[in-house]
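Input: a single structure, listed below in structure tokens.
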Amino acid sequence: MKKTVFLSLSALALLCACGPKMPEVTLGTETVKRADISTSVTATGTIEPVTKVEVGTQVSGIIDRLYVDYNSEVKKGQLIAELDRTNLQARLASAQAQLESARSDYEYQKLNLSRMETLHQKKFISDDEFETARLQFVKSEATYKAQQLSVNEAKTNLGYAYIYSPIDGVILSREVEEGQTVAAAMTTPTLFTIAQDLTDMRVIADVDEADIGGVKHGQRVVFSVDAYPNDEFVGEVTQVRQSATTTSNVVTYQVVIAAPNPDLKLMPGLTANVSIYTLELKDVTAVSNKALRYTPNELLLGKNTQVVDCQSRNKLWVKEGETLRAVPVKLGASNGVLTQITEGIGEGTEVVNETIMQGPAAAEGAPQMGNNPFMPGPPGAKKK
């Protein structure tokens, strides 16, 4: 408190000592006008196709023929590769031979059971002999059905030697060569990667945890890629994923952005520099934050200017003749530079945003402008 009093007395002494060199005080103003207010979040991401399918094989074997290469356009159901079928055909033949053997045994046991049933009814054989014949028939029937399934499985595996495209699209990658052996014992080996539609891409962006709260579905996105530094691409947020990723103690969340690509400039794998517009207000009544922070100082304004304040926390100051009056306002969104005015003052109103001091006294150390008359003057100023 003592320091404040000392500063006030010093300022008064400075102003009084100036005598005829009293600084001229003017008020800086601005006009409340219509403006666009926006805020954005920046991030980096990777360009990806919306639908990407990895094509593999469910059976092991040697790649016999490849019918497509990188960038080949394919249709759904198109033959794109073929495995050597020698072993698969041998397995099918073996399964069919075992099926024939099982069928013969099944038919024999069926006829034998019929005969044994007749003899059993005439009391020519015991119950035990009849039950034994019936058991042999049941076993042969089960074996016959199992062999039928084995044959079906062998036929299916033989069909897997022909690899077809599951979708319409473009071959992004080819992982095998003709003559290469692929093993499907533990996992399905990938042969091709197919993108369904390169005119419909997406960006997977990593957004920092401090910014993710403002990112919502449907927000507009502008991004660029290093391959085309002079081009600007527009997208839209389609998904905010809930799963977090932590890398070097930095927590990020994945945001999926739709990125139309009609001219095919966007290629899978490109790095995108993304700006997500978390707030966009078009043509709203706005004023600068500088005007909202302004507070008049009666000591600098002098006795000729009457200051009429109000109790509102948010206010703007309007000059009406020799009166400086505070007008209460209600605020909307802000981007840190401009703030929306929703109520209290109209478009076109002149509001005060600074106090400007001019003249010799001001040049010798009095504050040039601002709200606080007790701020020190610029370095090197002469002291009275």
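The values are calculated or read from the model by the stated rules, or taken from the named source; none is laboratory data. Being a predicted model, the structure only gives us computed values, none of them experimental. Because the Cβ atoms are built from the backbone with ideal geometry, glycine has one as well, and the counts that use them run over all protein chains shown. Remember, those area values only see protein heavy atoms, side chains included, never the ligands or the DNA or RNA. Shrake-Rupley method; radii C 1.70, N 1.55, O 1.52, S 1.80 Å.
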Show the residue pairs meeting these rules: Cβ distance below 7 Å; 6+ apart or different chains; first residue within the range 286-315 and farther than 18 Å from residue 29 by Cβ; second residue modelled with pLDDT of 90 or more and assigned to a loop (DSSP other than H, G, I, E, B). 314/329
Cβ-Cβ below 6 Å, separation at least six or inter-chain, first residue in the range 58-78 and over 18 Å from residue 177 (Cβ atoms), second open to solvent by 100 Å² or more (accessible area, probe 1.4 Å) and assigned to a strand (DSSP E or B): which pairs? 77/164
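For (1) closer than 22 Å to residue 38 by Cβ; (2) at pLDDT 95 or above, each residue gets a yes or a no:
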site: 216; (1), (2): yes, yes
site: 223; (1), (2): yes, yes
site: 240; (1), (2): yes, yes
site: 275; (1), (2): yes, yes
site: 281; (1), (2): yes, no
site: 298; (1), (2): no, no
site: 304; (1), (2): no, no
Which residue, of 153, 178, is part of a loop (DSSP other than H, G, I, E, B), closer than 27 Å to residue 62 by Cβ and out of contact with any helix residue (DSSP H, G or I) (no Cβ under 7 Å at 6 or more places or on another chain)? 178
Scanning the range 99-131 for residues that are among the basic types (Lys, Arg) and within 30 Å of residue 149 (Cα to Cα), the one least open to solvent (accessible area, probe 1.4 Å) turns out to be 103
Answer residue from the range 214-264, given it is in a loop (DSSP other than H, G, I, E, B) and among the hydrophobic types (A, V, I, L, M, F, W, C) and is most open to solvent (accessible area, probe 1.4 Å) among those: 264
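Do we have any residue at all in the range 92-104 that's closer than 30 Å to residue 182 by Cα and under 51 Å from the mean Cα position of the chain (by Cα)?
Yes - at least one qualifying residue is present in the range 92-104.
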Restricting the first residue to the range 21-44 and requiring it to be on the phi < 0 side of the Ramachandran plot and open to solvent by 80 Å² or more (accessible area, probe 1.4 Å), which pairs with a second residue that is small (Gly, Ala, Ser) and modelled with pLDDT of 95 or more meet a Cβ separation below 6 Å and a spacing of at least six or different chains? 42/275
Within the set of pairs 6+ apart or on separate chains, which have a first residue in the range 108-125 that is on the phi < 0 side of the Ramachandran plot, a second that is among the acidic types (Asp, Glu) and in a helix (DSSP H, G or I), and C-beta atoms under 9 Å apart? 109/141; 110/141; 116/129; 119/129; 120/127; 120/129
Cβ-Cβ under 8 Å, sequence separation 6+ or interchain: first residue in the range 162-175 and farther than 15 Å from residue 189 by Cα and open to solvent by less than 50 Å² (accessible area, probe 1.4 Å), partner among the acidic types (Asp, Glu) and in a loop (DSSP other than H, G, I, E, B). Which pairs? 169/197; 171/69
